[in-house]
Each structure stands twice: as structure tokens, then as C-alpha cells.
Amino acid sequence: MGTHRLFHTEAIDKVAATRKILVWDAPVRVFHWLMVLCFAGAYLTAELDEWRLLHVTLGYTMAGLVVFRIAWGVIGTHHARFTDFVRGPGSILRYFRGLLRGRPEHYVGHNPAGAMTILAFLLLTVIIAGSGWATDRGLAGDTMEELHEVLANLMLAIVGVHVAGVLAGSAVHRENLVAAMISGRKSGAPQDGIHSARRGVAVVLLICVLGFWWLQWQDAPARGASADGPVPAARPDVREGADETEPHRARS
């Protein structure tokens, strides 16, 4: 009876010590969903010439977001920093062994599997953006264009693995990881949470992205314009080969 009461008390203490805490700051969440939006849009418009400006704009936006994420990984809040989630091979193998047994280690921030996909996304985005820039300028011909396409498909495959990992992690840890990336909150001890969502930084990031999109829109070619410039409208009152300086007789 005493042992049972002891276990019951420990369970109550554990539940009391765990609550919803703020883990993901606003800049991390805005970065994450902007990357989702931009990659989906860029991938879907890759083969559509009429949407080329949108494709290029979204690709360069992703490159800019990576620059921000690298900086925020150094100066951001605790769980946004690379020092919090980039781990060595031993931690990665241990996590995957636990995952296969159905008992993976719980991490308040990114787990080792998630950390691997994040680093892969950042690296691939830089290379894809670079190959896209080179393709636009005709560097290396078809080789660069094929590399750009192959890397984009590789990134799509990693996205699929990432989504599967999020669903598996949500089921194993009994925690909605998608909702956590929206609200910023996960289950954890109060001392593991961050103190500020840094919404101001997220607003500045969003304004910069929207400003870049607006500038790109200003440079968009006018509707009906050809690659060599706008096509003037035909004048119905001028016959082919007629001298425009002479008045035209009305048709009978």
C-alpha cells in the first residue's frame, strides 16, 4: 500500500512539473511556414514559363530566409540556436535506436532527426538558389539546369521524410508537433521554456519578405509584353502599306 502511494505521488509530481511551455519563438515559426509556402510555390511553378517571376522570387526568398535562420541560430532564443539541437553521431544513433524500439528520448527542442533535416534544408536551399541563379544567367548550360532540378527533387524527398518523422514523433511522444510549430508551445518543465516570443523580430522578418515581393512585383513585365518589349496595338484605320500622312477615305 505504501509503495503504491509512493508511485502515485511521484506520478502526480511528474505531471505537475510538466506543462505547456513556450519553446519556439515567433521568428522560428514565421521562418518555418514561409519556407513551407515558398518551397511549395517554387516547386509547383518550376515548369510554368508564365509563372517564372514567381518561381524566381520564391527561390530567392528562401535563400534570404536561410541567411536569417543562420544568424538567428547564433543570436536567437535558446531552442532556436544551433548549439541546442546540433548533436554528434552518437546522439543521433541513440535517438534512432530508441525510435525503432518505440521509446525514443524526448527533447524539448528539435530532436536529432529533426536537426538533421533542418541542416539538410539549409544547405540544399543555398545550393538550389545558387544553381537557379547560374541557370538564369546561362552558366554551365543544361548541366546547371539539370542539377537545379535534381536538387529540388531531392529536397522534396527530404520534405516527405520530415513530414513522416513529424507524424511518427507526434504519435510516439503523444504530442502534436505541427500544432507546436503554430502555437510555439510544447510539453516540458517550466525552466526549459523561453521567456519571450520575440514577436518584433518576426514582424520585421515578415515586412522584409513582403517588401521584397512588392519590389519584384514592380519589376514584373506588363501583361501582353513580349520578351523584346511591349507590342503596340494595331490601328484599324491604317491599311498595310498605306501612307499614314494622307487622310483615308471612308469605306463605302
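The values are calculated or read from the model by the stated rules, or taken from the named source; none is laboratory data. None of these values were measured; they are calculated from a predicted model. We place every Cβ from the backbone using ideal geometry, glycine too, and count neighbours over all the protein chains shown.
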Log entry, pairs with first residue in the range 192-221 being in contact (Cβ under 8 Å) with a residue 12 or more places away in the chain and closer than 27 Å to Gly59 by Cβ, second being assigned to a helix (DSSP H, G or I) and charged (D, E, K, R), beta carbons closer than 9 Å, six or more apart or on different chains, reads Ala202/Arg29
I'd like the full set of residues that are exposed (fewer than 14 other Cβ atoms within 10 Å of the Cβ) and either touching a residue at least 60 places away in the same chain (Cβ under 8 Å) or part of a helix (DSSP H, G or I) (or both), limited to the range 162-182. Val163, Ala164, Leu167, Ala171, Val178, Ala179, Ile182
Looking at the range 189-200 only, could you name the residues that are surrounded by 14 or more Cβ atoms within 10 Å (Cβ to Cβ), of a type outside the set (A, V, I, L, M, F, W, C) and at negative phi? Asp192, Gly193
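Going by the conditions given, is Phe96 at pLDDT below 95, surrounded by 19 or more Cβ atoms within 10 Å (Cβ to Cβ) and more than 15 Å from the chain's Cα centre (by Cα)? Give the derivation first.
Working: at pLDDT below 95: yes; surrounded by 19 or more Cβ atoms within 10 Å (Cβ to Cβ): no; more than 15 Å from the chain's Cα centre (by Cα): yes.
When the stated conditions are applied, Phe96 does not pass them.
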Take the conditions buried (at least 16 other Cβ atoms within 10 Å of the Cβ) and charged (D, E, K, R) and apply them to Glu145. Does it pass? yes
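If you go through the range 108-146, how many residues are of a type in the set (Ser, Thr, Tyr), out of contact with any His (no Cβ under 9 Å at 6 or more places or on another chain) and farther than 23 Å from Glu47 by Cα? Steps first, answer last, please.
Just the residues of the range 108-146 that are of a type in the set (Ser, Thr, Tyr), to begin with: 117, 125, 131, 135, 143.
Now restrict to residues that are out of contact with any His (no Cβ under 9 Å at 6 or more places or on another chain): 125, 143.
Applying the additional criterion that residues be farther than 23 Å from Glu47 by Cα yields none.
Qualifying residue count for the region: 0.
Listed residues Ser196, Ser187, Ser170; which is touching a strand residue (DSSP E or B) at 6+ places or on another chain (Cβ under 7 Å) and among the hydroxyl-bearing types (Ser, Thr, Tyr)?
Ser187 is the lone residue from the list that is touching a strand residue (DSSP E or B) at 6+ places or on another chain (Cβ under 7 Å) and among the hydroxyl-bearing types (Ser, Thr, Tyr).
Please specify each residue of the range 153-199 satisfying the condition of being of a type outside the set (A, V, I, L, M, F, W, C) and more than 20 Å from Thr77 (Cα to Cα). Talk me through it step by step, then tell me what you get.
Our first condition is that a residue be of a type outside the set (A, V, I, L, M, F, W, C); within the range 153-199, this holds for 153, 160, 162, 165, 169-170, 173-176, 183-188, 190-193, 195-196, 198-199.
Residues satisfying the conditions are Asn153, Gly160, His162, Gly165, Gly169, Ser170, His173, Arg174, Glu175, Asn176.
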Every residue from the range 43-83 that is free of Cβ contacts under 8 Å to residues at least 24 places away in the same chain, surrounded by 15 or more Cβ atoms within 10 Å (Cβ to Cβ) and of a type in the set (A, V, I, L, M): Leu54, Leu58
